[in-house]
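The next block holds one structure in the form of structure tokens; read it before the comments.
What follows is calculated from the coordinates using simple rules that are stated; it is not laboratory data. What you see is a predicted model, and the numbers here were worked out from it, not measured in a lab. Using ideal geometry, Cβ is built from the backbone for each residue, glycine included, and neighbour counts are taken over all protein chains shown.
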Amino acid sequence: MIEVDRIHVRFGEGPGAFIALNDVSVTIGESEFFTLLGPSGCGKTTLLRSIAGFIHPNEGAIRLAGQDILSLPPFKRPVNTVFQNYALFPHMTVAENVGFGLEMLGRPRAEVTRTVEEMLALVKMTAMANRRPSELSGGQQQRVALARALAPKPKVLLLDESLSALDLKLRKEMQIELKRLQSETGITFIFVTHDQEEALTMSDRIAVMSAGKIRQIGTPREIYDHPRERFVADFIGDTNFVQAKLFADGTVELPGGARIRASLPKDAVPANRAVTLVIRPEQTVLEQAPEQAQLSGVLENVVYCGTDTHYHLTLTDGARFVVRRQNNPARPVTFEKGQRLGIGFDPQAAQVLEG
Amino acid sequence: MAKPKTFDTRRQAGFTAIAAFCFIVLYLPIVLMVIFSFNSGLALTSWEGFSLSWYVTAWHNEVVQAATIRSVIIATVATVVSTLVAVLAALVMGRGKPFRGRSAMFALINQPLMVPEIVTAVSLLVVFAWVKTTTGYSGLGYLILAHSAFCIPFAFMPVRARLQGMDQTLEQAAADLYASSWQTFRRVTFPLLWPGVLAGAMLAFVTSLDDVVITEFVKSAGQDTLPTYMLGQMRRNLTPETNAIATVLLVFSVVLVVAFFFVSRENHAKAQL
Ligand SMILES: Nc1ncnc2c1ncn2[C@@H]1O[C@H](COP(=O)(O)OP(=O)(O)O)[C@@H](O)[C@H]1O
Ligand SMILES: [Mg+2]
């Protein structure tokens, strides 16, 4: 559907130029909910603006349904944007805002009116049709911005941190709303966020970015369970990193000497080398007998967090390790600070990373 | 709830006295001028009774009529021309690609504010005198041209301020929604710029209407505008007729300013996001 092919974006000239996008390639499918996830300043907006046509990449190509769109100005691209600050036209009513795109496309008045009604119903804003943007709350403006961008039925909808400005409760509502709109319209959504939880719950696939590069593309499950880089593992969810050694037979030696068959990366990793294991805190359990467990450590601290309790341990090699356990009054636990405990986990849930 | 004590100029010693003094210096002469426009006698300083006779005299004075018409024609054309130029210049400087000579252009537009008016007046006199003798044309064109030029910065400043305060993503949003550059300008940029344009036009109009120095130097014989007519009266014998004309001009500009205030406030309310 949409193919971004090795684009580079530089701001400024010569050796002092800032490289905002460095060899970025991604292919996004029809009707996909695709998320660009990464910390602030990593180039998400730049990639979105390149697709919309407000930034012209220095190198590379962007194709939509096989056709190169880089030569087209923004107003000729069948792509609409929901801007980070909504950018509603303050001098027009809600209905005029929503109808603007269709009007510019030269659609007959009757069709514009009908589509505007449809769109306002879709985002539940029919009652507000004659208000001005200044008379709406943040969440309502958000809905109008969505309706305005959806009205011309674009092939691709770009959403730049669209939910970031909303408070938590409204944000959760809008997340569900967005998913509903996406499945009802079948339009491809490219959604930008720096919130990993939002990305995991909403997306069909996620591209994790940092410093102008795409680090990994995959489904939320792939990204979470099988991160390919330390950055990805660290950025998404809470993580334990454990130093280990990989052998030629594919087994991994843990601090303390236990050997396990962990999940190896797709690309072969050279054997007999130090590697890092990624182990998620909620995929581990504490055991009273340290001798039989894969890892062991001394319990340093216990932090109660309502639904969970976090157990902070120090491993034999001095590294910190967190075990998360769901609280259940029916199964009380008796771990003492300073006690040496075993840490158990499914070997396949431990992901091997190079280095 | 007690308000925290902050620095407040109004509570400083002597503030009221200074404010009152400034107020008197600025407004008392105007009040006196207005009062004496209703004087029935000839004098500007001794009150002889209330009358509207000087307004009637001014109204029927053919020289005043001609000067008024001339002033309005010049101000109207100069307003249209200078506002057009100002809007184009503001757009080129605020929205166009950065280009060489942008600051030179800025300096050019603001020339009338930086060069003393008398200098501009003398240089225009010299140039126009030469053009007059070579072409033989001695109509209102010279005054209109001069006024159009010196009104540009007054029309330019509010337009530029408005454009700088405008959210550029609105124009991008329009382009994103299939509006061509022209449609974006017509449907988004211009409506949002409009209060600035209106303010600029009003400023230009008032500036032109009020001008003495350049007009005095550039005008040919029999081309008095209202202000130069009033100046001429002073050289002969000043009567309350001049007060009456000045009062009408005062009322006109106050009405203009108040009208502008309401227009811009309404627009501001509409544009608040
Ligand atoms: N017009 C520009 N000129 C110079 N640098 C820019 C410009 N736009 C963005 N950048 C820089 O490019 C980087 C990526 O920006 P952006 O794509 O907005 O990041 P994100 O949306 O991921 O937070 C940032 O470091 C930013 O400072
Ligand atoms: Mg951004």
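Could you please report the charge total around A:V24, scoring K, R as +1 and D, E as -1 over all other residues with beta-carbon less than 10 angstrom from its beta-carbon?
0
Each label point is 7 Å from the Cα along the Cα-to-Cβ direction; what then is the distance between the points at B:A104 and B:L42, in nm?
6.0
GNM, chain B, Cα, under 10 Å: largest mean-square fluctuation among B:A17, B:A129, B:A90?
Of B:A17, B:A129, B:A90, the Gaussian network model singles out B:A17 as fluctuating most.
Find, among the GluC sites (Glu not before Pro) in the stretch A:1-104, those assigned to loop by DSSP (not H, G, I, E, B) with at most 11 other beta-carbon atoms within 10 angstrom.
Of the GluC sites (Glu not before Pro), the ones in loops of the stretch A:1-104 whose Cβ has at most 11 other Cβ atoms within 10 Å are A:E13.
For the protein assembly as shown, what size does the Cα cloud have along each of its three principal axes, sorted from largest down, in whole Å?
That gives 118, 65, 53 Å along the principal axes, largest extent first.
Under 5 Å between amide hydrogens, which residues at least 5 positions from A:V275 or on another chain qualify, with H placed 1.01 Å from N in the peptide plane?
Distant-sequence amide H within range of A:V275: A:A244, A:K245, A:L246.
Cα gyration tensor of chain B, axes a ≥ b ≥ c as square roots of the eigenvalues: rounded (a/c below 1.5), prolate (a/b > b/c) or oblate? Provide the component values of the computation, followed by the final result.
Numbers: a/c = 2.10, a/b = 1.24, b/c = 1.69.
Taking the square roots of the gyration eigenvalues as a ≥ b ≥ c, chain B is oblate.
Report the Stokes-Einstein translational diffusion coefficient (µm² s⁻¹, integer) for the stretch A:168-280, Rh taken as the Kirkwood radius over Cα pairs, at 20 °C with viscosity 1.002 mPa s.
Rounded to a whole number, D works out at 132 µm²/s.
Once label points are set 7 Å from the Cα along Cα→Cβ at both A:T309 and A:S134, what is their separation, rounded to one decimal in nm?
Calculated label separation equals 5.7 nm.
What residue among B:S148, B:S181, B:S53 shows peak mean-square fluctuation when chain B is described by a Gaussian network model with Cα springs under 10 Å?
B:S181
What does the convex hull of the alpha-carbon atoms of the stretch B:128-273 project to on average, in nm²?
12.1
Please identify, among B:V34, B:V206, B:V159, the residue showing maximal mean-square fluctuation in a Gaussian network model of chain B using a 10 angstrom Cα cutoff.
Result: B:V34 has the largest fluctuation of those listed.
I'd like the projected area of the stretch A:40-92, averaged over all directions, using the convex hull of its alpha carbons. Report it in nm² with one decimal.
Its average projected convex-hull area is 4.9 nm².
If a/c stays under 1.5 just call it rounded; otherwise compare a/b with b/c (prolate if a/b is bigger, oblate if not). Do that for the stretch B:76-123, with a ≥ b ≥ c from the square roots of the Cα gyration tensor eigenvalues.
Judged from the Cα gyration tensor, the stretch B:76-123 comes out oblate (a/c at least 1.5, b/c at or above a/b).
So what is the orientation-averaged projected area of the stretch A:240-354, using the convex hull of its C-alpha atoms, in nm²?
7.2
Which ³J(HN,Hα) values in Hz, rounded to whole numbers, follow from the phi angles of the stretch A:119-129 under the Karplus curve 6.51 cos²θ - 1.76 cosθ + 1.60, where θ = phi - 60° and Gly and Pro get x?
Working through the residues one at a time gives 5, 5, 5, 4, 9, 6, 10, 3, 5, 9, 3 Hz.
Summing -39500 (n - 2.57) over the DSSP H runs of n ≥ 4 in chain A and dividing by its residue number, what mean residue ellipticity at 222 nm do you reach, to the nearest 500 deg cm²/dmol?
On the way: 8 runs with 84 residues, N = 355.
The helix-only estimate for chain A comes to -7000 deg cm²/dmol at 222 nm.
DSSP H helices in chain B with Cα extent of 30 Å or more along the helix axis and mean Kyte-Doolittle hydropathy at least -0.5? Don't skip to the end; give the middle numbers.
On the way: long enough: B:15-37 (33 Å, 2.55); B:62-95 (48 Å, 1.66); B:141-164 (34 Å, 0.97); B:240-271 (46 Å, 1.10).
Those that clear 30 Å and a mean of -0.5 are B:15-37, B:62-95, B:141-164, B:240-271.
Quickly work out the A:L168-to-A:A17 label distance, labels modelled 7 Å from Cα along the C-beta direction, and quote it in nm with one decimal.
Between A:A17 and A:L168, the simple spin-label model gives 4.4 nm.
Please give me, ordered by residue number, the trypsin sites (Lys or Arg not before Pro) of the stretch A:305-350 that lie in loop per DSSP and have at most 15 other Cβ atoms within 10 Å.
The qualifying sites are A:K337.
Expressed as a whole percent, how much of the Cα-Cα distance distribution for the stretch B:62-210 exceeds 27 Å?
Here the long-distance tail beyond 27 Å is 34 percent of all Cα pairs in the stretch B:62-210.
Just need log10 I(q)/I(0) for chain A at q = 0.09, 0.10, 0.14 Å⁻¹, Debye formula, equal scatterers on the alpha-carbon atoms, no solvent, rounded to two decimals.
Values returned for q = 0.09, 0.10, 0.14 Å⁻¹ are -0.63, -0.75, -1.11.
Counting other C-beta atoms within 10 Å, which of B:Y142, A:Y304 has the fewest, and how do the rest follow? Write down the numbers at each step before the final one.
Values: B:Y142 21, A:Y304 9.
Neighbour counts put them in this order, fewest first: A:Y304, B:Y142.
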